[in-house]
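So the structure is just underneath, and the comments pick up after that.
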Amino acid sequence: MTTVVEHTHQKLRTVDIAYIGLFSTLMMIGANITSIVPFMVVGGVPITLQTFFAILAGLILGSRKGALACTVYMCIGLAGAPVFARFSGGFGQILSPTFGFIVSFILAAFVAGLIVERIGTKKSYVVAALVATAINYLLGTNWMYFAYKLWASAPDAFTYKIAWLWMMPPLPKDIILAIFAGIFAYRLQKVLKIIPIK
């Protein structure tokens, strides 16, 4: 009996690792999707799908494993692999004004997973995705603002208001993707059954 239980736990751990690796890879692809789909550059700004996949990780894998997938992605990039946007990477990225968005993926995935673990309705998946998007914007934009003010070279007349104005163009896209992520994750979760649906 003990052998069967141990084998089952080992199998679950292997599956978990596979899912975590999958979502880490999806985030790498999402960061540089414009190299595959060039038309996803608007006004010279690349439209990435990192936030979308980070939210999906939390919704599908749950809070802990979703956050772990995003942490693995961040660590791979900090180790030097060119997996961040525009094929950047390396420990020096911590000083980048946009690094706060990468950090926010971990918290966004955790909170999204936590919400659906506790409720698990279709509506909660959409709400969780929108809350995770808000976390991404709040942490990322504030990090960017303070980075420019404290250690990076701030553009002329840079203010807190301007930092948020910069975030307005991608906001509609991210809201739409969050709603889609919630609906898609809810349906996929019924098939995969990684976390319980109530």
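Put simply, of Ser88, Ser124 the only residue that is within 27 Å of Tyr19 (Cα to Cα) and in contact with a Pro (Cβ under 7 Å, 6 or more places away or on another chain) is Ser88. Tell me, which residue of region 110-124 that is open to solvent by less than 40 Å² (accessible area, probe 1.4 Å) and farther than 18 Å from Cys70 by Cβ is modelled with the lowest pLDDT? Ranking the qualifying residues of region 110-124, first place goes to Gly120. Against the conditions (1) polar (S, T, N, Q); (2) within 22 Å of Leu130 (Cβ to Cβ); (3) modelled with pLDDT of 90 or more, Ser96 satisfies every one except (2). If you go through region 145-163 and pick out every residue that is out of contact with any helix residue (DSSP H, G or I) (no Cβ under 6 Å at 6 or more places or on another chain) and either part of a helix (DSSP H, G or I) or farther than 10 Å from Pro97 by Cβ (or both), you end up with 11. Among the residues of region 85-97, is any in a helix (DSSP H, G or I), closer than 21 Å to Ile175 by Cβ and without any contact (Cβ under 8 Å) to a residue 60 or more places away in the chain? Within region 85-97, one or more residues are in a helix (DSSP H, G or I), closer than 21 Å to Ile175 by Cβ and without any contact (Cβ under 8 Å) to a residue 60 or more places away in the chain.
When each of Tyr145, Tyr186, Tyr160, Tyr137 is tested for being more than 24 Å from Phe23 (Cα to Cα), surrounded by 14 or more Cβ atoms within 10 Å (Cβ to Cβ) and among the hydroxyl-bearing types (Ser, Thr, Tyr), the lone residue that passes is Tyr145. Count of region 158-179 residues, restricted to those that are within 16 Å of the chain's Cα centre (by Cα), farther than 13 Å from Ala128 by Cβ and in contact (Cβ under 8 Å) with a residue 60 or more places away in the chain, is 4. Exactly one residue out of Phe23, Phe84 is of a type in the set (A, V, I, L, M, F, W, C), modelled with pLDDT of 95 or more and within 17 Å of the chain's Cα centre (by Cα): that is Phe23. Just so you know, in region 165-175 the residues that are open to solvent by 60 Å² or more (accessible area, probe 1.4 Å) and in a helix (DSSP H, G or I) include one that is nearest to Pro97 (Cα to Cα), and it is Trp166.
Taking the criterion of being of a type in the set (S, T, N, Q) and open to solvent by 40 Å² or more (accessible area, probe 1.4 Å), the residues of region 82-109 that qualify are Gln93, Thr98. In the condition set (1) more than 12 Å from the chain's Cα centre (by Cα); (2) at pLDDT 95 or above, Pro46 is compliant with all but (2).
The values are calculated or read from the model by the stated rules, or taken from the named source; none is laboratory data. Keep in mind that what you see is a predicted model, and the values were worked out from it rather than measured. Methodologically, a virtual Cβ is constructed for each residue, glycine included, from the backbone with ideal geometry; neighbour enumeration extends over all protein chains shown. Side chains included, ligands, DNA and RNA excluded: accessible areas come from the protein's heavy atoms. Shrake-Rupley method; radii C 1.70, N 1.55, O 1.52, S 1.80 Å.
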